[in-house]
Amino acid sequence: IISETLSSEPLSSSDLALPIELKYFTAEAKNGAAEICWETASETENSHFLLFRDDEVLARIPGHGTSTEPHCYAYTDRQVEAGKVYAYALADVSFGGEITRHASVNVEIGSNADVLKDFVLEKVYPNPFNPRITAVYRLAEDSGIELSIYNTSGERVAELFRGDKRAGTHEISWNASGMASGVYILNMRAGKTLQCRKIVLMK
């Protein structure tokens with residue numbers, strides 16, 4: 001027996017589910033650029049994100065619609081100047097066009113003097129991951145590179161790429177759907193530079 005009286009009044013904005021549950025939103029200066037990262041715990045009817053820099057739209061990034069799984073996002077802003085402070089803000093846009101804007105963060109761009117000359121492994125995301133992970137790296141000049149995955153016993157379990165790449169920013173992904181959960185090492189070599197990152201597969 002239902003004793004409550006149902007109301008025909010429309011829901012207020014506070015009663016409606018928000019398009020996303022944002023876990024974090026960060027921006028930091030790195031290698032003469034601004035690295036912006038954020039993660040959602042869940043998304044509801046999320047069409048896309050708008051990324052603002054100093055109150056102007058910098059980029060539009062597709063969302064994941066409706067999902068109860070966490071999702072990581074990243075954007076690199078290279079159109080910045082050393083010594084300046086920039087304010088970045090994120091907004092999510094529903095399929096119905098409703099915009100929800102979140103608090104902004106400031107970042108000061110440092111000098112480019114400490115940028116590595118040969119090779120920079122800029123970010124690896126998401127981490128932990130399941131089952132796909134993406135690595136973003138930058139070459140200052142044309143170079144031969146090797147990208148491999150090792151387990152904690154030092155055994156190579158996957159070779160992602162071996163060959164020549166032109167100068168610039170590149171990304172590569174690894175699908176570990178056939179691998180067991182655990183810790184792996186992403187090994188990236190370019191010229192005389194070797195960089196490694198610990199990555200965690202959680203199924």
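The values are calculated or read from the model by the stated rules, or taken from the named source; none is laboratory data. Because the structure is predicted, anything quoted here is derived from the model rather than measured. Neighbour counts run over all protein chains shown; Cβ positions are idealised from the backbone, glycine included. Side chains included, ligands, DNA and RNA excluded: accessible areas come from the protein's heavy atoms. Shrake-Rupley method; radii C 1.70, N 1.55, O 1.52, S 1.80 Å.
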Which loop-located chymotrypsin sites (Phe, Trp or Tyr not before Pro) does the range 50-156 contain, where loop means any DSSP state but H, G, I, E or B and the Cβ has at most 14 other Cβ atoms within 10 Å? PHE95
Unit Cα scatterers, Debye sum, the range 57-145: log10 I(q)/I(0) for q = 0.12, 0.16, 0.21 Å⁻¹: -0.58, -0.96, -1.27
For the chain: lysine pairs with Cα atoms under 21 Å, gap of 8 or more or different chains, count? 12
Within the range 26-130, list the trypsin sites (Lys or Arg not before Pro) lying in a DSSP loop whose Cβ has at most 15 other Cβ atoms in a 10 Å radius. ARG78, LYS84, LYS117
Stokes-Einstein diffusion coefficient of the chain, Kirkwood radius over Cα pairs, 10 °C, 1.306 mPa s, in µm²/s: 82
Within the chain, which is the longest segment containing none of the GluC sites (Glu not before Pro) that sit in a DSSP loop and have at most 13 other Cβ atoms within 10 Å? 5-80
In the range 50-203, carbon and sulfur make up what percent of the accessible area (probe 1.4 Å)? 46
In whole Hz, with x marking every Gly and Pro, tabulate ³J(HN,Hα) for the range 52-61 from phi via Karplus 6.51 cos²θ - 1.76 cosθ + 1.60, θ = phi - 60°. 9, 10, 6, 6, 10, 5, 9, 7, 10, 10
Surrounding net charge for HIS71, when Lys and Arg each add one and Asp and Glu each subtract one, Cβ distance under 13 Å: -3
Write down the accessible area per residue of the chain in Å², having rolled a 1.4 Å probe over the full set of protein chains. 59
Could you check which residue among LEU58, LEU50, LEU121 shows the biggest mean-square fluctuation in a GNM of the chain with a 10 Å Cα cutoff? LEU58
To the nearest Å, what is the center-to-center distance of the range 128-203 and the range 49-106, using C-alpha atoms only? 27
